[in-house]
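Heads up, the thing below is written out as structure tokens.
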């Protein structure tokens, strides 16, 4: 089966454009996730670059070679920027522009522009670097346990490796010049692989944002919004998990005395401050391994693993 490169690039153009639109639509629904907007713009830029590459021979070469490849390089930089935004790190949007600009400026040098191998080596080196950097940023955020994190990292590393393979391939098996420049078998295979990677990586990015949103919603549903400790439902669930272990445990119950009088005398704002201060004290004095939650109003509970009644009594006395 013969893979036609212009056709592959045209299909990549359509798919990348649709993925970019989906990212932007997702961002409209979740404006707080800047990464979605950046990835959306990146994929739309990738669609433009793929279209320019597909029109090789039908549009001026300086557009299909210089501009299209420069835009494609900048796109990989934007994907890296989107990953940094997803991980909550500082954006460095100048680097994607710099990456594309380096290639564009290099194309102004006649010797470089006329050498297909030189163009492939430079473009592939920068693209592979951005893919590797994106994978590294995702790895740095591994403390946040998201299921799609490692698939995304593996795909980005593999994509970067594909670009790295292009470097020796361009030197060992140079591309033909002229109209047949895009008809090399290894270029067709890499174009097909790039199309698959584009879809797979976009899917993992979507999955990452979905997992984080679901995780945040679960966390919000289990935390008392005023005190920041477990609410009644979360306390019961965590306590059941702790009691399932074959170890003794003690339950401490707290009911703040005269709390209603504090509210009536000083107002609810002061009463809320008392509850927050009590929970802060609990976090500081109670054992690290414990389940601490608000049952409602001024009532709290703490379940702690202990060796016996005496240890439970010591914890209660220290807190009292």
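Readers should treat all values here as calculations from the given coordinates under stated rules, not as data from a laboratory. None of these values were measured; they are calculated from a predicted model. For neighbour counting, all protein chains shown are included, and Cβ atoms are generated from backbone atoms with ideal geometry for every residue, glycine included.
A Förster distance of 30 Å, applied to the separation of the beta-carbon atoms of residue 243 and residue 268, puts the FRET efficiency at 0.30. Here each label is just a point 7 Å from Cα along the line to Cβ, and for residue 61 and residue 121 those points are 1.9 nm apart. A straight line joining the Cα centroids of the range 213-234 and the range 76-154 runs 37 Å.
What FRET efficiency comes out for residue 158 versus residue 18 if R0 is 22 angstrom and r is the Cβ-Cβ distance? Round to the nearest 0.05.
On the way: r = 23 Å, r/R0 = 1.02.
Taking R0 as 22 Å, the efficiency between residue 158 and residue 18 is 0.45.
Sort 130, 203 so the one with the fewest other Cβ atoms within 10 Å of its own Cβ comes first. Spell out each step's value before the answer.
Values: 130 26, 203 15.
Least crowded to most crowded, the residues run 203, 130.
A straight line joining the Cα centroids of the range 1-47 and the range 254-297 runs 50 Å. The stretch between residue 233 and residue 207, if pulled fully straight at 0.36 nm per residue, gains 6.6 nm over its current Cα-Cα span.
Apply 1/(1 + (r/R0)^6) to the Cβ-Cβ distance of residue 251 and residue 28, taking R0 = 45 Å, and write down the FRET efficiency to the nearest 0.05.
Numbers: r = 48 Å, r/R0 = 1.06.
E between residue 251 and residue 28, to the nearest 0.05, is 0.40.
Where the convex hull is taken over the Cα atoms of the range 232-319, what is its projected area averaged over directions, in nm²? Intermediate results must be reported in sequence, preceding the final value.
On the way: hull surface 23.3 nm².
Its average projected convex-hull area is 5.8 nm².
Among 58, 72, 195, which comes first, then next, by fewest other beta-carbon atoms within 10 Å?
Working: 58 8, 72 23, 195 18.
The fewest-first ordering by Cβ neighbours comes to 58, 195, 72.
With a simple spin-label model that places each label point 7 Å from the Cα along the Cα-to-Cβ direction, the separation between residue 172 and residue 280 comes to 6.4 nm. Based on DSSP H segments of at least four residues, each scored -39500 (n - 2.57), the chain has a per-residue ellipticity at 222 nm of -23000 deg cm²/dmol.
Between residue 217 and residue 4, the simple label model (points 7 Å from Cα in the Cβ direction) yields a spacing of 4.4 nm.
Sorting 201, 79 on the 10 Å Cβ count, fewest up front, what's the list? Could you put the intermediate results ahead of the total?
Working: 201 21, 79 28.
Exposure proxy ranking, most exposed first: 201, 79.
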